[in-house]
Amino acid sequence: MTAIIRLALQSLANRKTTALLTLLTVAISVTLLLGVERVRTQAKSSFANTISGTDLIVGSRSGQVNLLLYSVFRIGNATNNIDWQSYQEIANHRSVRWAIPISLGDSHKGFRVVGTTGAYFEHFRYGQKQPLEFNEGNKFNTLFETVIGSEVAKKLNYKIGDEIIIAHGISDQSFNRHDNLPFKIVGVLAPTGTPVDSSVHVSLEAIEAIHVGWESGANLGASPSAEVLKQQQFEPKQITAFMVGLNSKIQTFALQRYINTYPKEPLSAIMPGIALHELWGMMSIAEQALLAVSGFVVIAGLLGMLTSLLTSLNERRREMAILRAMGAKPSHIFFLLTSEAAALTAVGILLGTTLLYSMLFFAQPLIQEHFGLLISITPLTSHELMLLCLVQLAGMVVGLVPAIRAYQHSLSDGMTIKV
């Protein structure tokens with residue numbers, strides 16, 4: 001057997017060009033397989049880690065997916081607002097360690113404006129309970145200051161000290177802008193790969209201040225100047241939703257039941273992990289599509305190898321016949337060709353894996369910067385190793401086709417081939 005394996009390697013060495021092309025085909029298919037698999041799993045992980053460390057999200061009575069969409073992903077609108085007094089009562093509940101109020105409804109050039117408090121920058125977590133960090137500046141301290149996400153800064157080319165105008169509602173038109181009340185950028189958040197990157201953050205008091213003189217989305221009169229508004233004290237009347245962190249996980253269900261049966265107004269409290277799982281289930285078609293792409297990529301690579309082996313087999317029929325004439329058994333010929341296929345697949349897997357890690361090393365920062373997706377450079381997972389084992393097995397199975405054909409060729413057929 002050792003002699004046949006050595007013969008297989010020497011045969012491949014004599015057909016360098018064909019062997020290299022076959023190796024390249026297998027390597028690229030393995031790189032794409034692992035790459036798509038990494039993107040699929042990391043995208044799912046990133047989606048699940050959009051919010052972390054938050055025990056409950058509270059909003060007006062609605063379905064948990066809808067509440068998750070507008071409170072975390074800034075998609076859509078709430079069915080109703082929450083009274084500020086209700087928020088304070090729940091935030092001061094003995095089970096609550098911290099609470100982050102958020103107010104939605106305004107925008108800036110297509111980016112949602114989030115009204116909140118300093119607790120947002122202190123307690124909000126994403127990923128593996130990672131805190132928000134600043135690329136530049138710090139959180140807002142005065143009425144007309146704002147902190148923007150990394151995507152806002154990059155797309156609009158903003159920097160610390162620039163002034164921006166907030167528009168009433170989601171559409172940013174000249175007639176619904178708060179033109180006389182510009183906000184000064186005092187902080188730019190570091191990229192998170194979450195909707196935070198595409199958000200403009202201001203204080204809840206600022207949300208109240210800019211709507212003085214507005215009613216039902218219309219400016220009913222001249223709005224006071226910024227100097228006049230800075231002299232006044234503002235307290236929110238309503239908020240859109242709020243996030244809650246508890247003193248103990250054991251208290252989660254008890255507080256959720258208390259909020260869901262809150263007597264003063266209809267509220268819903270959801271656990272973000274469960275809601276994220278439900279939302280991902282609704283988007284499972286995308287995951288299945290990526291899995292299908294992975295499968296077709298490997299099939300294409302293996303078919304390329306099969307084509308190469310079958311093509312070379314027709315050119316090697318005299319070689320096979322000479323080996324038979326020198327005493328090689330049909331089983332030896334069979335093992336020779338299956339060994340070549342196994343060796344090509346194994347080296348292709350090794351080369352493809354190396355190529356993947358090389359590409360990740362250089363492309364990881366660019367992918368995170370442009371797409372907000374962090375693809376970790378970690379050792380192969382058990383699932384990925386299983387996929388590679390399946391590719392190796394499939395490569396050996398593919399090698400059976402030319403091996404069986406060579407096994408069936410007779411000695412006289414091989415010796416009578418015209419050159």
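Going through (1) over 23 Å from Ile250 (Cα atoms); (2) touching a residue at least 12 places away in the same chain (Cβ under 8 Å) one by one, Ile75 falls short only on (2).
Restricting the first member to segment 242-262 and to residues that are in contact (Cβ under 8 Å) with a residue 12 or more places away in the chain, and the second to residues that are among the hydrophobic types (A, V, I, L, M, F, W, C) and assigned to a helix (DSSP H, G or I), the beta-carbon pairs closer than 8 Å and six or more apart or on different chains are Phe242/Ile90; Phe242/Ala91; Val244/Ile90; Val244/Ala91; Val244/Leu255; Leu246/Leu255; Ile259/Ile90; Tyr262/Ile90. Of the strands (runs of 3 or more DSSP E) contained entirely in segment 48-123, those carrying at least 3 residues that are within 26 Å of the chain's Cα centre (by Cα) and farther than 11 Å from Thr240 by Cβ fall at 96-108. Can we say Ala167 is over 30 Å from Gln42 (Cβ atoms), touching a residue at least 60 places away in the same chain (Cβ under 8 Å) and touching a His at 6+ places or on another chain (Cβ under 8 Å)? Taking the combined requirement at face value, the residue satisfies it. Every condition in (1) at pLDDT 90 or above; (2) over 17 Å from Ser198 (Cα atoms) is met by Glu133 except one, and the failing one is (2). The set of residues in segment 250-277 that are at pLDDT 90 or above and part of a helix (DSSP H, G or I) comprises Ile250, Gln251, Thr252, Phe253, Ala254, Leu255, Gln256, Arg257, Tyr258, Ile259, Asn260, Pro272. Listed by first and then second residue, the pairs with beta-carbon distance under 6 Å, at least 6 apart or on different chains, first residue in segment 298-310 and farther than 24 Å from Glu384 by Cβ, second among the small types (Gly, Ala, Ser), form an empty list. Here Ala241, Ala275 are screened, and the one residue that is surrounded by 21 or more Cβ atoms within 10 Å (Cβ to Cβ) and more than 20 Å from Arg94 (Cα to Cα) is Ala275.
The values are calculated or read from the model by the stated rules, or taken from the named source; none is laboratory data. Keep in mind that this is a model prediction, so the values were computed, not measured. Virtual Cβ from ideal backbone geometry, glycine too; neighbours counted across all protein chains shown.
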